[in-house]
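First comes the structure, then the notes that go with it.
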Amino acid sequence: WKLKQPLLDRNTDFKFYEERNVAVFTTRHVLEGKPILYVYHNDDGAWQFHSEQEPDLKDSKLVCLEEITKIDPSVNELYDLSLGKSAWRESANDPWDWE
């Protein structure tokens, strides 16, 4: 029901429907400053934010979604990315493309 409610007080620095503290997957590369270039919204609702198209599992990290939006506010554009879909871009300065 929460996702169907209008969000009249939508905060522009955090647009996702999920809670700010929901756990998401990323890699140490993103946490060390590499740009987020690939975003996956898994069928099970989990989010992944990576700098590589095929990240290495040994580099994986679990952080809260709010931390990702602080690292790169442009991911807020993907707040309504459907389950099972992905988004990508060539560089941090390019617009997001998605399927």
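The values are calculated or read from the model by the stated rules, or taken from the named source; none is laboratory data. Bear in mind that the values here come from a model prediction, so they are computed numbers and not experimental data. Here the Cβ is made from the backbone with ideal geometry for all residues, glycine too, and neighbour counts use every protein chain on show.
Some points to look at:
- Set Ser91, Ser74, Ser82, Ser86: member being in a strand (DSSP E or B) and either out of contact with any Gly (no Cβ under 6 Å at 6 or more places or on another chain) or of a type in the set (Ser, Thr, Tyr) (or both): Ser86
- Index of the failed condition, Ser60 passing every other in (1) buried (at least 18 other Cβ atoms within 10 Å of the Cβ); (2) in contact with a Ser or Thr (Cβ under 9 Å, 6 or more places away or on another chain): (1)
- Where a residue in the stretch 80-99 is closer than 21 Å to Glu18 by Cα and its partner, wherever it lies, is among the aromatic types (Phe, Trp, Tyr) and in a loop (DSSP other than H, G, I, E, B), with Cβ under 6 Å and at least six apart: Ala87/Trp96
- Residue match in the stretch 12-20 (condition: modelled with pLDDT under 90, outside any loop (DSSP other than H, G, I, E, B) and closer than 18 Å to Asn76 by Cβ): yes
- In the stretch 21-42, residue modelled with the highest pLDDT [restricted to those that are exposed (fewer than 13 other Cβ atoms within 10 Å of the Cβ) and within 14 Å of the chain's Cα centre (by Cα)]: Ala23
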